[in-house]
1. What's log10 of I(q)/I(0) for the stretch 46-308 at q = 0.07, 0.09, 0.13 Å⁻¹, Debye sum over Cα points only, no solvent?
2. With a ≥ b ≥ c the root eigenvalues of the C-alpha gyration tensor of the stretch 230-312, is it rounded (a/c under 1.5), prolate (a/b larger than b/c) or oblate?
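Every number in this text was worked out from the coordinates using simple rules, so none of it is lab data. Owing to the predicted nature of the structure, the values given are computational and were not obtained by experimental measurement.
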């Protein structure tokens, strides 16, 4: 009986030790790889002082009017993610892609990621760039932040253009975004393993290999850092802060909406009602997924040019 018992204990010990050794290995690899990743990140854009820190902004084009791009929740490198759209817009507009704190090359911050703070920081960054009149083009949760910006600084906005943007009181707004354990999975190196197994999320899209690699590096750097985790955790309260809110009646509103891919009931109708709440509002349905600016940038730019043209 002793030999089988020893064999059983050895097997049990091996089964316990294997995942421990595996996690120790992935943790060590993650530490080394993270240092290597940080060294491989190539600077882009320009840094603007905001609230004692620096926010990164990508500025392109020399048009008479300015379009400010604001990203959706979890976009780790907005200045790069928006490149297909920037290249379509900057022939006719000055385009500024802001990278809110905790994204892209912007600093991390311990300032709470409330909608009001995020909107006010965007205002300060634009003031630092000498911009006081602009159209906001926002993706996803940026629809909430744009509402706050229009409340705080209504005289600055010339239009709001939503890219499958969030709307107040949409179904599921009060559901928490799960963040428990993400930081631990990052430190154990398991998120890095999962990312490697997932393949190229930008396959077939208009990004060169260098840009895709930079976005991968910045995703690893930012996606589970404290600033973005705090913003995720505050998503329900940020939606609550704009419950029932509308844009100023005289603000033009153009909404690009992806209907087929949405998991929100009545998604198109919600945007039609938002557009109807202003004197000049339009909804343009598009084919694609939530990140429709990756694949429909030419159409978005063409419709935006038409909408913003004073003679139209």
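1. Those come out to -0.22, -0.37, -0.82, one per q.
2. Oblate shape, in that a/c is at least 1.5 and b/c is the bigger or equal ratio.
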